[in-house]
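Below is one structure, written out as structure tokens; the observations come after it.
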Amino acid sequence: SSRGKKVWWVAQALVAFVTIVMFGFKGVFLVAAVMLAIWLAVIFTRLQGVRLPVVSLAMVAFLLFVVLSVFGTGGLLGVRSLPAEVSLAQGASWNIALSALKEGVGRALIGTGPATFGYDFSAHRPQTFNQNPFWSIRFASASSEAAALTATTGAIGILLMIFLLLTVLRLFKIVSVRQAQAAVGERIFFGGTMGIWVAICAAFLLIPFGTVYWVYFFAFLALFVAQGRLRMPEEVQEVRISLQGPPSSSLISSFGGVMLLAVLFILGVYLGRFYAGEVYFRQGLRAAARQDMEQAAIALSRAAT
């Protein structure tokens, strides 16, 4: 790299480091430590030719982030002007998520629906919650995105996320083993993209995700897959799937498709009743707020039936 590029990347690294330290959040320190740990693992196992000062600085930063994630900064470097943020504890979030899945087989498979953790909280919050100062707050999100996805997407959603993670790890193994001829800079970029995306996945266990986090999740996933696709060996670039088979297989697949459609239809009708009940319940609350008790009684009666 030219001297100007070196100065540019050093400046970027310093800005990122100072920004992370100045915020002073333990969760940010932990995510940064996870990302650096993945990058160092890639350096030690897959790459050669990386300069020793770069690796040494990365190791020092990793140790510093680990220490700060445990002890914090003591308020010396934190942003003190930010208001206090009230959120559920990890234990309470997971208890509510597991209680929601125990409602029935349908809940265990597909959960309660996307962005419905607020309803799960209202239905399954413990009685002891009414004894703390925040008893009147209705939490619409869990303490981590993993707990929220467990409650709202069920076992199918969690299995899909695990399958996606394993697929990315498989792609990384295939590409990294066979790209020994690539330049060191390209391999570092490939491993760094992988580390950032896995760090975002690790943040699933720490914080709830908003729009920005999901954009980063899919953007870095697309960037990682695109890099892997460009460097994937020729023999695995094309995968063909044939649906031809004996008549017995066709009959079994057709029967399975019909059964799947029937199950989806039944679940749609079953869950649609709950959705209609929520709509009527909300109409009843609005009518009661307007002091229209007759309309409120009609709506709440429809919600109950």
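The values are calculated or read from the model by the stated rules, or taken from the named source; none is laboratory data. Everything numeric in this text was worked out from a predicted model, so none of it was measured. Cβ coordinates were reconstructed from backbone atoms using ideal geometry, including for glycine residues, and neighbour counts include every protein chain displayed. Remember, those area values only see protein heavy atoms, side chains included, never the ligands or the DNA or RNA. Shrake-Rupley method; radii C 1.70, N 1.55, O 1.52, S 1.80 Å.
Between F134 and D292, what is 0.36 nm times their sequence separation minus the Cα-Cα distance? Round to one decimal in nm.
53.8 nm
So what does V212 come to for accessible area, using a 1.4 Å probe and Å² rounded to 10?
Estimated to the nearest 10 Å², V212 gives 90 Å².
Which net charge results for the neighbourhood of L109, defined as the other residues with beta-carbon distances under 13 angstrom from its beta-carbon, given Lys and Arg at +1 and Asp and Glu at -1?
Working: positive: K102, R107; negative: E103.
Result for the local shell: +1.
7 Å from Cα along Cα→Cβ at both I174 and V105: what's the point-to-point distance in nm?
3.6
Trypsin sites (Lys or Arg not before Pro), restricted to region 260-305: which are DSSP loop and have at most 16 other Cβ atoms within 10 Å?
Here the trypsin sites (Lys or Arg not before Pro) that fit, given the DSSP loop and packing criteria, are R290.
Which value, in Å², gives the accessible area per residue of region 120-166 when a 1.4 Å probe is used on the protein heavy atoms?
Numbers: 2750 Å² over 47 residues.
Ligands and nucleic acids excluded, the figure is 58 Å² per residue.
At what distance in angstrom do the alpha carbon centres of region 256-277 and region 95-156 lie from each other?
A separation of 22 Å, based on Cα centres.
Excluding A296 itself, what net charge comes from residues whose Cβ is under 13 Å from its Cβ, given Lys and Arg +1 and Asp and Glu -1?
Charge balance in the 13 Å sphere: +2.
Give me the one-decimal nm value for the distance between modelled label points at R302 and I266, 7 Å along each residue's Cα-to-Cβ direction.
2.8
Calculate, in nm to one decimal, what L166 and V279 gain on full extension: separation in residues at 0.36 nm each, minus their alpha carbon distance.
Using 0.36 nm per residue and subtracting the Cα-Cα distance, I get 36.7 nm.
Can you list the GluC sites (Glu not before Pro) in region 79-171 that are in a DSSP coil and have 12 or fewer other beta carbons within 10 angstrom? Could you put the intermediate results ahead of the total?
Working: sites: E85, E103, E145; in loops: E85, E103.
Loop-located and lightly packed - E85.
From the Cα gyration tensor of region 53-170, with a ≥ b ≥ c the square roots of its eigenvalues, which class applies: rounded if a/c is under 1.5, or else prolate if a/b is larger than b/c, or else oblate? The partial results should precede the final answer.
Numbers: a/c = 3.23, a/b = 1.32, b/c = 2.45.
In terms of gyration-tensor shape, oblate.
For region 1-45, what does the alpha-carbon gyration tensor say about shape, rounded, prolate or oblate, given a ≥ b ≥ c as the root eigenvalues, a/c under 1.5 as rounded, and a/b over b/c as prolate?
On the way: a/c = 5.62, a/b = 1.24, b/c = 4.54.
Cα axes put region 1-45 in the oblate bin.
Ignoring ligands, DNA and RNA, what percent of the 1.4 Å accessible area of region 57-166 is carbon and sulfur?
70
Between L57 and A202, what is 0.36 nm times their sequence separation minus the Cα-Cα distance? Round to one decimal in nm. List each step's numbers first, then the result.
Working: separation 145, 0.36 × 145 = 52.20 nm, distance 2.27 nm.
Taking L57 through A202 to full extension adds about 49.9 nm, to one decimal.
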